[in-house]
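Here the structure comes first, spelled out in structure tokens, and everything after it is commentary.
The values are calculated or read from the model by the stated rules, or taken from the named source; none is laboratory data. Being a predicted model, the structure only gives us computed values, none of them experimental. Methodologically, a virtual Cβ is constructed for each residue, glycine included, from the backbone with ideal geometry; neighbour enumeration extends over all protein chains shown.
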4 protein chains.
Amino acid sequence: MPITARAALQPDPGARQLEIRTVDVAEPGPGQVRVRMGASGVCGSDRHVLEGDWTMPSPTVLGHEGAGTVEALGDGVTGFAEGDRVVMTWFQPCLACAACREGRTWVCTAASSEQCLLPDGTTPMSQDGAPVYPYLAVGSMSEYVVVPQQALVKIPEDVPFDVAALIGCSVATGVGAVLNDAEVKAGRGAVVIGAGGVGLCIIMGLALAGASPIIAADVNPESLELAREFGATHTVLSDASLPEKVREITGEGAEYAFEAIGRPQTIAQMPACLKRGGTAVIVGLPPQDAPVQIDALALAEEGKRLLGSNYGSTVPARDFPLLARLYLDGKLPVDRLITNRVGLEGVNDAFELMRQGARGRSVLVY
Amino acid sequence: MPITARAALQPDPGARQLEIRTVDVAEPGPGQVRVRMGASGVCGSDRHVLEGDWTMPSPTVLGHEGAGTVEALGDGVTGFAEGDRVVMTWFQPCLACAACREGRTWVCTAASSEQCLLPDGTTPMSQDGAPVYPYLAVGSMSEYVVVPQQALVKIPEDVPFDVAALIGCSVATGVGAVLNDAEVKAGRGAVVIGAGGVGLCIIMGLALAGASPIIAADVNPESLELAREFGATHTVLSDASLPEKVREITGEGAEYAFEAIGRPQTIAQMPACLKRGGTAVIVGLPPQDAPVQIDALALAEEGKRLLGSNYGSTVPARDFPLLARLYLDGKLPVDRLITNRVGLEGVNDAFELMRQGARGRSVLVY
Amino acid sequence: MPITARAALQPDPGARQLEIRTVDVAEPGPGQVRVRMGASGVCGSDRHVLEGDWTMPSPTVLGHEGAGTVEALGDGVTGFAEGDRVVMTWFQPCLACAACREGRTWVCTAASSEQCLLPDGTTPMSQDGAPVYPYLAVGSMSEYVVVPQQALVKIPEDVPFDVAALIGCSVATGVGAVLNDAEVKAGRGAVVIGAGGVGLCIIMGLALAGASPIIAADVNPESLELAREFGATHTVLSDASLPEKVREITGEGAEYAFEAIGRPQTIAQMPACLKRGGTAVIVGLPPQDAPVQIDALALAEEGKRLLGSNYGSTVPARDFPLLARLYLDGKLPVDRLITNRVGLEGVNDAFELMRQGARGRSVLVY
Amino acid sequence: MPITARAALQPDPGARQLEIRTVDVAEPGPGQVRVRMGASGVCGSDRHVLEGDWTMPSPTVLGHEGAGTVEALGDGVTGFAEGDRVVMTWFQPCLACAACREGRTWVCTAASSEQCLLPDGTTPMSQDGAPVYPYLAVGSMSEYVVVPQQALVKIPEDVPFDVAALIGCSVATGVGAVLNDAEVKAGRGAVVIGAGGVGLCIIMGLALAGASPIIAADVNPESLELAREFGATHTVLSDASLPEKVREITGEGAEYAFEAIGRPQTIAQMPACLKRGGTAVIVGLPPQDAPVQIDALALAEEGKRLLGSNYGSTVPARDFPLLARLYLDGKLPVDRLITNRVGLEGVNDAFELMRQGARGRSVLVY
Ligand SMILES: [Zn+2]
Ligand SMILES: [Zn+2]
Ligand SMILES: [Zn+2]
Ligand SMILES: [Zn+2]
Ligand SMILES: [Zn+2]
Ligand SMILES: [Zn+2]
Ligand SMILES: [Zn+2]
Ligand SMILES: [Zn+2]
């Protein structure tokens, strides 16, 4: 039986404010699961869609990092039961192609979630019979969602929903960039450009992995202060002289650099922040059609590497439980990321805070 | 006792023709060795200097890939004897810094060879008492050279000098980019942009490592024909549609791409030639101050990697003997690269052939 | 509708001869597929079962490396159609656990195939209503089999069934041990102990990956002769002095050693065949309860590694098509492995040939 | 000018007590350095020699982990000056062979230090003209030593000698086994068998790298208590049921196991403590001629790996400064390892404490 849900909707691609509307949510079809949302993060990717940087099918229910409780199962779902606490993944690989089978699910080419569609090509949300698209086939800024079972990973009872929601996106992305992409080794130095939600998660990941020094760079001194709480050993104001500042601290440059904003200018700064043989990782997604000017001669002569990182190269079934356990162990202070908890109706205020460069993350709680 | 040598000299940075002159070559100092040259390759890097793309101290004796016979030893040289057959390395690391000690000699920051100087800060060549600079502290386009002992690696008797000279640069660079940087796994597809000297070596390396398919791309149909002899399974004319051509052959794109020219436009094409999760390697050195426009969004979203490769991340003491043995085993047809053997006085003709886009490599033989 | 099939059956664990019997084969259940067999390899693992070395449920239809044609699909099977040509995998992972999701399917702990059962805990074969167990849930020495869909990988039209069958076990195991486990780099030396079916596949893999030298060791001179055809550059008779013989050829020892028999004595020889820092891989499965005496002091002092390899750490969806293409490219001469093709009724003769140490492999063709 | 030094001498291989004697210490020859010792650790390897487990040239000055001050330089020494504070390395590679040049110095085959000799084949110590052998060419239980320059690494002023001495052996060995050999990834579980000096360093390394859980196993409850201070999250008494205890905590077994004692029985337990696909590392050196009984079938079937680790695969020039910085950062509490500081004359008491299974480490201070 279809149900209705209150959801934060972008009515058309030009709208810059979300509207809280009631949408119809279909019964879960074969292999699908309905989840009653417990929490949804408010993330930079949602903002990119809201500001029209990226093209998405419309109208769109935003939200892609969420956690909640399994409420109804479609046919053939195995491994889940009503009442299970789950985190969502916003990239839903086919699990059948060679990339998926070799564990590089993040490079699956058959994922329909990027088109905001379920694997069967449909959308479970509608309004007056017209389709509504859950962002990345999640749409977690809704009281209820229907997702394919491969979008779900169970989490322990003692991990609260707001923490769990962030594990599903920012934490996986940031910590994953450190562990899965850069494969940071203890005792090496790193610089992180941008100390927002994902940047702080990268810093957490670096502290976890024993990196030293950990240099946070941002234009906002308050963000830098927060960065220290997550493990930054040094902080610098981000400007055109960033490479020199990194060299002052490290001598020869950092072994690793991470860009967590998606600005072409700061991405371009990374190679010059590195020591010879170092590794730069692009974590922030730049706007479409904004090429980055890379000094390829320096890259080649100095044996440097530039890695693109999508979702922290996360394997959710392995990494979400692992991140949850590290949180419970006190080794990943995910809860400290959350500086603002609001209800669904507070969503536009939450985006406004983000626009103003507020420290930490907002989470919608239901 | 100093000696004299006939050498190919660029008298000033503006000169586009080399002059064959007699230069004075000092006695080998402590830790230095005098080598009677047997062969010197004529390489794209020499041409970059000759054409003023890169700034070097002047006057300059060109040549940086050479092989010859040890003729005299300075004090304290160990491990070499008169009569030893040796290949030269044009990057002469300090062997004492942390990078050198961990085997990443190609990222040593204390190498003086990039300034065309011996480790003691001097140059062994002069003319009428004025300093002359051997390119990369080698200057192999000279009958005799004096180099530091860490520039030398012994080679087996049965490897001819012309083959040995190429092992010291193009082969190490191209095969090394495949084995040491990309770490190509058998059965994966690769595209190589530019089928000149280094490009053919990359193709040889790919064939050696079992890559499949191996796609050569060049603007010159004759070069593509030659590429097949070195192991290319497919060839395509290089133009703006290269990514589509690679996709026609591979389906989802190549797992690896290599750029062997140093053109910003073709370096920028690499990410689009790759399948998701693939790896691009910059082997050709672009001109100074020519940034490359990279589609960073695609890099990040598709988990692609862009690696700079310097000297194939070669460890000469390990790799030169290994490459020599593979040549002797018939697994690396290095000799087929050499399409033109000339004396020292033929050097300007050899560069002219290169300018005309001739197939294969010229080698000066003494 | 159930069907009947002629199959090679071990009636009880004590029997040393197979009997050709008619068994009942159930309809394919949900997620299951019926395959009409085209070819089945006769492999050392089958022999271990036949000789009572390993305990299996009984009666058992032997055969675990097979290829054939899809004939009937159970409910919910996707990605396969009647008439598809397929290779089978004898290890059928759950595809849901963390190990499976991160691409290490060979370490899945939830695979029922090791108990000769389908994922639903049943066996599709029976005789007079009593259960019959297909070895490793395959039982390819039968005209028809029913397997779970994750046991199947499609292969190109132009790969013959006998070659395809071997890709499904010996080739995947041997080449995979080289590419996936040892991650052999070109130009390094290797010794392979045992030049039977799997050993020859290891040698093929080493030649593919550019290893040099490639030393084959066996007690049978004829096997050594065959090894040369697959790429061995040196051959030695296997005895207690094997480490010295390897050192005579390599100087300091081999970088890699592979044991393809499963004899404790030859497994124990591997570390001494290696140079310092080298890697030994156990590919052959030893009998149960036969510990191997390892010189742990040498292992530790000399920084050597001993790796267990199961199924070549194969990811079938990625590796079987890759191996098939390398066969079609002429880079893996799998067909030359097959020295004996017989019908189902020749199966006991085939095992007898194996007991006599015959060169190459027998394949049953239907 | 030769000098004399008080040193702890094992007069003959049968002696179980050291004698404090005056020995002659030669002038530093070419490439050699005289160091005035500041501290020397008392390590399990010294004890193996003292108890006759390993054969060494005799008489022997024990001690191989030391730190001190450069006092005199032989000819041709570069990079060191009088007054430099230095740590010693007890494995002194040739720096010229291929292994050394590729950064795997710990597999150098040309190191004379294992024979307790300087690279020129001499010993710098003597008594009444008869040679005395410094253990591993260090002999740090002496007021003065003469070592080759490649045995020295400079350390920052603010690292005390006792901490520095331990960095040179136990810490490098234990943390290196984690970072360089096992390459432990954050969030994975590990068990460490033996919570003595090296075991505690392994535990420190695991905590640094973010491993979770970290299980310490020992027969001594006091050692387990200490293990918790270094980062163990769980402790278990070591006995025949260790694998079951590890499984109780981890479910499927640990991803990593480390043996830090050198007992064949506990080395043999490691594979059973691992989950499928896990990695075991032999860090403790077993007595000579004591083979370990390995379950090779389990190793192969379950894709497990057994790695020998020598000196933590340390690159001293890279790793000692890195470990020193991590100590200064508070990320490696090396000082807490030291539970007993004594003068040279207390050396026999220190060994006696070790025999009694005392917690932590003794350090001789000068
Ligand atoms: Zn997929
Ligand atoms: Zn997000
Ligand atoms: Zn060159
Ligand atoms: Zn250096
Ligand atoms: Zn599984
Ligand atoms: Zn088989
Ligand atoms: Zn060495
Ligand atoms: Zn020690």
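So is C:T89 of a type in the set (S, T, N, Q) and either surrounded by fewer than 23 Cβ atoms within 10 Å (Cβ to Cβ) or within 10 Å of another protein chain (Cβ to nearest Cβ) (or both) or not?
no
Could you tell me which residue of the range A:99-113 is nearest to ligand 8 (Cβ to nearest atom), considering only residues that are at pLDDT 90 or above and among the small types (G, A, S)?
Filtering the range A:99-113 for residues that are at pLDDT 90 or above and among the small types (G, A, S), the one nearest to ligand 8 (Cβ to nearest atom) comes out as A:G103.
What single numbered condition from (1) more than 10 Å from chain C (Cβ to nearest Cβ); (2) buried (at least 20 other Cβ atoms within 10 Å of the Cβ); (3) more than 21 Å from the chain's Cα centre (by Cα) fails to hold for D:P271?
(1)
Restrict the check to the range C:11-23 and report whether at least one residue is over 20 Å from A:R101 (Cβ atoms) and crowded, with 20+ Cβ neighbours inside 10 Å.
Yes, because at least one residue in the range C:11-23 is over 20 Å from A:R101 (Cβ atoms) and crowded, with 20+ Cβ neighbours inside 10 Å.
All but one of (1) crowded, with 19+ Cβ neighbours inside 10 Å; (2) charged (D, E, K, R); (3) free of Cβ contacts under 8 Å to residues at least 60 places away in the same chain hold for D:E255; which doesn't?
The single condition D:E255 does not satisfy is (3).
Look through the range B:162-218, keep the residues that are acidic (D, E) and in the same structural domain as B:E248 (by TED's automatic domain parsing), and return whichever of them is farthest from ligand 4 (Cβ to nearest atom).
B:D218
Restricted to the range D:280-315, and to residues that are among the charged types (D, E, K, R) and at the interface with chain C (Cβ under 7 Å from one of its Cβ atoms), which residue is nearest to the chain's Cα centre (by Cα)?
D:R305
Just for the range D:296-317: of the residues that are at pLDDT below 95 and charged (D, E, K, R), which one is nearest to D:E183 (Cα to Cα)?
Only one residue fits best here, namely D:E302.
A quick yes/no check of all residues on (1) hydroxyl-bearing (S, T, Y); (2) more than 10 Å from chain A (Cβ to nearest Cβ); (3) assigned to a helix (DSSP H, G or I); (4) within 29 Å of B:G52 (Cα to Cα):
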| position | (1), (2), (3), (4) |
| --- | --- |
| B:A186 | no, yes, no, no |
| B:C201 | no, yes, yes, yes |
| B:G210 | no, yes, no, no |
| B:G278 | no, no, no, no |
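Only one residue in A:A164, A:A195 is under 19 Å from A:R336 (Cα atoms), part of a helix (DSSP H, G or I), more than 14 Å from every other protein chain (Cβ to nearest Cβ) and touching a strand residue (DSSP E or B) at 6+ places or on another chain (Cβ under 7 Å), so which one is that?
Only one candidate qualifies: A:A164.
Among the residues of the range A:222-252, write down those that are modelled with pLDDT of 95 or more and in a loop (DSSP other than H, G, I, E, B).
A:F230, A:G231, A:A232, A:T233, A:S238, A:D239, A:A240, A:S241 - these are the residues of the range A:222-252 that are modelled with pLDDT of 95 or more and in a loop (DSSP other than H, G, I, E, B).
Being away from ligand 6 (no atom under 16 Å from the Cβ), surrounded by fewer than 18 Cβ atoms within 10 Å (Cβ to Cβ) and within 14 Å of chain B (Cβ to nearest Cβ) narrows it down to one of D:D53, D:D120, so name that one.
It is D:D120.
Which helices (runs of 4 or more DSSP H) sit wholly inside the range B:282-366 and have at least 3 residues that are buried (at least 22 other Cβ atoms within 10 Å of the Cβ)?
Filter on the range B:282-366 gives B:296-301, B:316-328.
Collect the residues in the range B:63-122 that are at positive phi and within 16 Å of ligand 7 (Cβ to nearest atom), keeping them in residue-number order.
Within the range B:63-122, B:G79, B:L95, B:G103 qualify.
Return the total of residues in the range C:96-117 being away from chain A (no Cβ under 11 Å) and of a type outside the set (D, E, K, R).
10
Scan the range D:40-65 residue by residue and report those that are among the hydroxyl-bearing types (S, T, Y), modelled with pLDDT of 95 or more and within 13 Å of ligand 8 (Cβ to nearest atom).
D:S40
Which one is nearest to the other protein chains (Cβ to nearest Cβ), of the residues in the range B:167-184 that are away from ligand 3 (no atom under 14 Å from the Cβ) and part of a helix (DSSP H, G or I)?
B:L179
Okay, residues lined up against (1) away from ligand 1 (no atom under 16 Å from the Cβ); (2) closer than 27 Å to B:E302 by Cβ; (3) β-branched (V, I, T):
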| residue | (1), (2), (3) |
| --- | --- |
| A:T78 | yes, no, yes |
| A:V87 | yes, yes, yes |
| A:S112 | no, yes, no |
| A:T123 | yes, yes, yes |
| A:A130 | yes, no, no |
| A:Q149 | no, yes, no |
| A:I155 | yes, no, yes |
| A:D158 | yes, no, no |
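Please identify the pairs in which a residue from the range C:187-209 that is farther than 15 Å from C:P221 by Cα has its Cβ atom under 6 Å from the Cβ atom of a residue that is of a type in the set (F, W, Y), counting only partners at least 6 apart or on another chain.
Sorted first by the residue in the range C:187-209, then by its partner, the pairs are C:A190/C:Y256; C:I202/C:F258; C:I203/C:F230; C:M204/C:F230.
Give D:F80, D:F91 a once-over and let me know the one that is closer than 29 Å to D:T339 by Cβ and part of a loop (DSSP other than H, G, I, E, B).
Result of the check over D:F80, D:F91: D:F91.
Does at least one position in the range B:93-104 carry a residue that is within 16 Å of ligand 3 (Cβ to nearest atom) and crowded, with 23+ Cβ neighbours inside 10 Å?
There is no residue in the range B:93-104 that is within 16 Å of ligand 3 (Cβ to nearest atom) and crowded, with 23+ Cβ neighbours inside 10 Å.
Give the range C:156-197 a look and list any residue that's β-branched (V, I, T) and surrounded by 24 or more Cβ atoms within 10 Å (Cβ to Cβ), or say none.
Listed by number, the residues that qualify are C:V163, C:I167, C:V171, C:T173, C:V175, C:V178, C:V184, C:V191, C:V192, C:I193.
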